[in-house]
Amino acid sequence: MKETRLKIRNKFLKRYTQGFPLIIKDALHHIDPLKEEGQMIQLIDEKNKFIAKGYYGLQNKGIGWVLTLNEKEKINEAFFNKKIVKAIKNREAFYSNAHTTAFRVFNGEGDGIGGFTIDYFDGYYLINWYSEGIYAFKDYVMNALKKLPHCKGIYEKRRFDTSGKFIDEDSFVWGEEAPEPLVVKENDVNFAIYLNEGAMVGVFLDQREVRKKIREKYAKGKNVLNTFSYTGAFSIFAALGGAKKTTSVDLANRSLSKTIEHFSLNGIDYETQDIIVEDVFHYFKYAEKKNLKFDLVILDPPSFAKSKKFRFSAAKDYKDLLKSIINITEKDGTIVASTNCATFDMKKFKGFIDKAFHEMGKKYEIVEEYRLPKDFRTVKEFREGNYLKVVFIKVKK
Ligand code: SAH
């Protein structure tokens with residue numbers, strides 16, 4: 001395949017020679033020769049020396065991904081197959097663990113090819129494509145998966161602009177269709193997965209370790225509030241860990257039936273729990289008025305959200321959100337503060353936490369910290385890739 005040569009600005013040269021995988025516009029003199037997503041790019045220095053090879057694919061964070069620093073390496077089906085086989089080998093412990101049947105198999109740049117991810121759901125593979133450019137290599141990825149002896153079926157989500165908007169289309173692409181729902185296990189807890197629904201299929205796999213810890217150590221006898229609860233995954237683990245009661249709050253109508261389904265799938269009577277469909281910002285006002293307090297509060301909002309009355313951006317509003325939470329947490333209670341926002345790092349996140357407690361005139365102690373689990377592989381050269389930040393905070397007086 002023909003490679004389009006693009007010159008790197010001197011200032012950025014070192015980052016690329018050291019393995020920074022994302023191709024960003026600002027790092028290049030010009031990108032005029034780029035025409036079609038999926039085309040190959042050769043990054044060169046000011047003296048026309050080869051630095052790296054990659055592809056053109058537009059995502060909000062960059063314009064493509066570096067695939068190799070080796071000029072001779074060919075980017076072809078064998079290249080993709082090799083990376084995928086290696087990624088699978090890296091997850092052998094996951095494949096052989098009967099207690100957990102859903103995990104990430106390929107985590108984009110963390111596994112050597114940015115722009116797509118692959119998740120495993122008990123025999124079925126789900127590919128998320130993040131640019132038109134990487135989608136050009138679809139057959140290579142599909143062929144690698146089809147060869148796997150345990151692969152029953154393949155689903156895909158095209159998470160890039162196809163015709164002006166994300167199309168919620170049927171995402172089944174190969175093999176046998178999965179039952180709806182497909183029930184998978186996470187540390188022996190059942191989750192209902194809907195591979196054919198939109199971009200979110202029922203559970204965020206990257207919170208596995210956090211859920212486990214809540215069940216093991218933080219839930220027993222506690223009155224638990226789960227905000228932005230989605231399908232109630234945290235509530236289920238808390239209830240199974242012996243919580244006195246859980247309260248799940250989410251704005252989306254679907255969250256009610258999905259959370260009921262999750263409780264029922266795990267032998268918990270959902271009528272003993274509270275599931276509330278409401279804007280959390282509204283709920284805070286209600287809780288304050290009724291003087292409700294919780295022992296354990298889980299806060300895992302999306303990076304951006306818009307409701308009728310409120311607009312939320314984690315980077316701007318996390319501190320204030322935390323203040324509302326502190327207000328309804330018991331003394332000696334615990335707040336699990338989480339964010340998947342990639343635009344700020346752990347240090348900044350802890351800064352928000354510190355400021356929130358300071359402004360509320362309260363003391364706190366950080367008792368646990370989590371980042372992405374092992375199956376969500378990241379590379380040290382691309383720290384933004386390690387987006388998940390979870391901090392367990394003990395509220396003092
Ligand atoms: N914490 C969840 C995942 C959250 S996904 C988990 O671990 O499973 C984000 C959720 O936030 C979505 O379900 C969405 O409906 C909900 N949401 C967005 N804005 C909201 C708001 N203002 N109030 C309540 N829920 C909101």
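Taking 7 Å along the Cα-to-C-beta vector as the label spot, tell me the residue 354-residue 122 distance in nanometres, rounded to one decimal.
The answer from the label model is 4.5 nm.
How big is the C-alpha Rg of the chain next to the rule-of-thumb value 2.2 N^0.38 Å, as a ratio?
That works out to 1.05 for the chain.
If you take every DSSP beta bridge whose two residues both sit in the chain, what share of them, in percent to the nearest 5, is antiparallel?
Bridges in the chain that DSSP calls antiparallel: roughly 60 percent.
Considering only protein heavy atoms, what per residue accessible area in square angstrom results for region 205-395 with a 1.4 angstrom probe?
For region 205-395, the per-residue accessible area is 47 Å².
So what is the orientation-averaged projected area of region 288-367, using the convex hull of its C-alpha atoms, in nm²?
5.7
Quantify how much of the Cα-Cα distance distribution of region 165-258 extends past 20 Å, in percent.
Of all Cα-Cα pairs in region 165-258, 43 percent lie more than 20 Å apart.
Where Lys and Arg each count +1 and Asp and Glu each count -1, what net charge lies around residue 109 among other residues with Cβ under 12 Å from its Cβ?
That sum, taken over residues with Cβ under 12 Å, equals +2.
Would you please put 328-341, 261-274 in order of how densely packed they are, using the mean number of other Cβ atoms within 10 angstrom per residue and starting with the highest?
The densest-packed peptide leads the list: 328-341, 261-274.
Over 14 Å, how big is the tail of the calculated P(r) for region 41-80, in percent of all Cα pairs?
Percentage above 14 Å: 51.
Need the C-alpha centroid separation for region 200-238 versus region 1-45, integer Å.
Taking the Cα centre of each part, region 200-238 and region 1-45 sit 42 Å apart.
List the aspartates and glutamates whose Cα lies under 15 Å from the Cα of residue 244, skipping any in the same chain that are fewer than 8 positions away.
Once the sequence-local aspartates and glutamates are set aside, what remains near residue 244 is 216, 269, 271, 274, 295, 330.
Please list the non-local residues whose amide H lies under 5 Å from the amide H of residue 294, H modeled 1.01 Å from N, same-chain partners needing a gap of 5 or more.
Counting only residues 5 or more places away or on other chains, the set is 329, 330.
On full extension of the chain, what length is gained from residue 9 through residue 60, given 0.36 nm per residue of separation minus the C-alpha to C-alpha distance?
Separation in residues times 0.36 nm, less the Cα-Cα distance, equals 16.3 nm.
Kirkwood-based Rg over Rh for region 3-68 (C-alpha set), two decimals?
The Rg/Rh ratio comes out at 0.91.
Provide Rg and Dmax in Å for region 77-193, with only Cα atoms included in the calculation.
Cα-based Rg and Dmax for region 77-193 come out at 14.1, 42 Å.
Listed highest first by mean packing, meaning other Cβ atoms within 10 Å per residue, what order do 13-19, 126-132, 215-221 come in?
Descending packing order for the listed peptides: 126-132, 215-221, 13-19.
Expressed as a whole number of Å, what is the distance separating the alpha-carbon centroids of region 373-397 and region 55-73?
Each part reduced to its Cα centre gives a spacing of 25 Å.
Based on the mean of other Cβ atoms within 10 Å per residue, sort peptides 91-103, 24-36 so the most packed one is first.
91-103, 24-36
Label 7 Å along Cα→Cβ of residue 327; region 351-374 residues with amide nitrogen under 12 Å?
360
The values are calculated or read from the model by the stated rules, or taken from the named source; none is laboratory data. Predicted model only: the values in this text are computed from it and were never measured. Heads up, the Cβs are rebuilt from the backbone with ideal geometry, glycines too, and the neighbour counts pull from every protein chain shown. The area values use the complete protein model at the heavy-atom level, side chains included, leaving out ligands, DNA and RNA. Shrake-Rupley method; radii C 1.70, N 1.55, O 1.52, S 1.80 Å.
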